[in-house]
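The values are calculated or read from the model by the stated rules, or taken from the named source; none is laboratory data. Because the structure is predicted, anything quoted here is derived from the model rather than measured. Note: ideal-geometry Cβ built from the backbone for every residue, glycine included; neighbour counts use all protein chains shown. Note: accessible area is taken over every heavy atom of the protein model, side chains too, but ligands, DNA and RNA are not part of it. Shrake-Rupley method; radii C 1.70, N 1.55, O 1.52, S 1.80 Å.
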Amino acid sequence: MHIVILAGGVGGSRFVRGVRAAHPDAHLTVIGNTADDITLHGLRICPDLDTMMYALGGGIDPDRGWGRADESTAFLEELRAYQVEPTWFTLGDRDLATHVIRTQLINSGATATQITAALASRWLPDGVTLLPMTDDRVETHVVITDPEAASGRRAVHFQEYWVRLRAAPAVEKTIMVGLDRATVTDEVTAAIGSADEILLAPSNPVVSIGPILGVPGLRTALLSSAAPIIGFSPILAGSPVLGMADKLLPTIGVEVSAAGVGRHYGARAAGGLLDLWVVDSADGSTADQLTADGLPTMADELIMRDPSVTAGFVSRAEAHLASVRGGA
């Protein structure tokens, strides 16, 4: 069995570990978000891809959910001693090696797909492939309210908004720089074409799943696939469990709710993506309404306490879709 997962961020890595627990013998291909990528101190950093690698390879910091376990920050402390900015982004000493190697490979002319494969060869277990959503450079920027700016607003990289500013300023607009010029890779289209099942992780719909779906050609590949597509809500009882989706969804005109995100992805039968939308039990009252509106929806407990819990709700969603399809 080949399962393709669209994912980004800490929540995405937790979800993939759960899918792995549910299907230990399946081959998993994770299409990861690269619009969070940023260049700092001359080094190219890919937070979502690295988080996925470390999480699946047992190298993640278990408390933070990102970065390396047993990490130190001597390099960062030296930058601060020299008063060399920016120092708001944590560059751990172990993690630094990954960024150095990636940057060297970029400078040698390797593609993002080739570089990710080289780095992931250390971390990923057999039967798991990690693919960047595109080989082209894409970055998420947000326009925030800034009373000190002459116009009262300014654009910053998403990482600065999230890490340095802690998602405090109001966001007026989300901009995916370079996304319209990006192209889907042969590796991504081949993976989607050979999938038996496609899952949308409960990652941020705007800055994690959104950029992946926005790569020209990728959505077409998904809709051309015969594999069922199941999406899992990142909004539980009106709030995100992780991240700042509640601040960003309004910038694309989407209601901050499980129903709002489900309608945003849309039912495949009506030109959208999903064959099944899974919401948390706290949002169970919306399941019948969404189903009646044409988006097949089920409710389950979606808190990812550990991989076995995640494996449970993934398996139940798969069984539910199979029963619906079998009865159709």
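Before moving on, here are some points about what is shown:
- Of the residues making up segment 193-208, those that are in contact with a Gly (Cβ under 6 Å, 6 or more places away or on another chain) and assigned to a loop (DSSP other than H, G, I, E, B) are ALA201, PRO202, SER203, ASN204, SER208.
- The one condition in (1) within 16 Å of the chain's Cα centre (by Cα); (2) among the acidic types (Asp, Glu); (3) open to solvent by 30 Å² or more (accessible area, probe 1.4 Å) that GLU139 fails to fulfil: (3)
- Qualifying residue in segment 290-298 (condition: under 19 Å from the mean Cα position of the chain (by Cα), more than 25 Å from ALA170 (Cβ to Cβ), open to solvent by 10 Å² or more (accessible area, probe 1.4 Å) and modelled with pLDDT of 95 or more): no
- Some residue of segment 63-74 being of a type in the set (Asp, Glu), farther than 15 Å from ARG14 by Cβ and not in a loop (DSSP other than H, G, I, E, B): no
- Looking only at residues of segment 124-136 that are under 16 Å from the mean Cα position of the chain (by Cα) and not in a strand (DSSP E or B), we find that the one that is farthest from ALA245 (Cα to Cα) is THR134.
- Which listed residue, of LEU248, LEU321, LEU295, LEU242, is out of contact with any His (no Cβ under 7 Å at 6 or more places or on another chain), touching a residue at least 60 places away in the same chain (Cβ under 8 Å) and not in a helix (DSSP H, G or I): LEU242
- Any hit, segment 154-172, residues being open to solvent by less than 20 Å² (accessible area, probe 1.4 Å), at positive phi and outside any strand (DSSP E or B): yes
- Candidates VAL254, VAL261: the one that is open to solvent by less than 30 Å² (accessible area, probe 1.4 Å) and in a loop (DSSP other than H, G, I, E, B) is VAL254.
- Just one of (1) under 21 Å from ALA311 (Cα atoms); (2) part of a loop (DSSP other than H, G, I, E, B); (3) at pLDDT 95 or above fails for PRO216. It is (1).
- Residues that are touching a strand residue (DSSP E or B) at 6+ places or on another chain (Cβ under 7 Å) and closer than 26 Å to THR140 by Cα, drawn from segment 21-38: THR29, VAL30, ILE31, GLY32, THR34, ALA35, ASP36, ASP37, ILE38
- GLY284 fulfils the conditions (1) surrounded by fewer than 15 Cβ atoms within 10 Å (Cβ to Cβ); (2) at pLDDT 95 or above; (3) not hydrophobic (A, V, I, L, M, F, W, C) except for a single criterion, (2).
- With respect to the conditions (1) basic (Lys, Arg); (2) surrounded by 15 or more Cβ atoms within 10 Å (Cβ to Cβ); (3) modelled with pLDDT of 95 or more, ARG181 lacks only one, and its number is (2).
- For segment 83-112, the set of residues classified as out of contact with any Lys or Arg (no Cβ under 6 Å at 6 or more places or on another chain), open to solvent by less than 60 Å² (accessible area, probe 1.4 Å), in contact (Cβ under 8 Å) with a residue 12 or more places away in the chain and within 19 Å of TYR54 (Cβ to Cβ) consists of PHE89, THR90, LEU91, ASP93, LEU96, THR98, HIS99, VAL100, LEU105, ALA112, listed by residue number.
- Within the set THR29, THR34, THR73, THR51, the sole residue that is free of Cβ contacts under 8 Å to residues at least 60 places away in the same chain, crowded, with 21+ Cβ neighbours inside 10 Å and touching a helix residue (DSSP H, G or I) at 6+ places or on another chain (Cβ under 9 Å) turns out to be THR51.
- Extreme residue, nearest to GLU197 (Cα to Cα), among residues of segment 224-241 that are aliphatic (A, V, I, L, M) and in contact with a Leu (Cβ under 7 Å, 6 or more places away or on another chain): ILE229
- Single match in VAL314, VAL309 (criterion: assigned to a helix (DSSP H, G or I), open to solvent by less than 10 Å² (accessible area, probe 1.4 Å) and of a type in the set (Val, Ile, Thr)): VAL314
- ALA110 satisfies every condition listed in (1) modelled with pLDDT of 95 or more; (2) within 22 Å of VAL188 (Cα to Cα); (3) in contact with a Ser or Thr (Cβ under 6 Å, 6 or more places away or on another chain) except (3).
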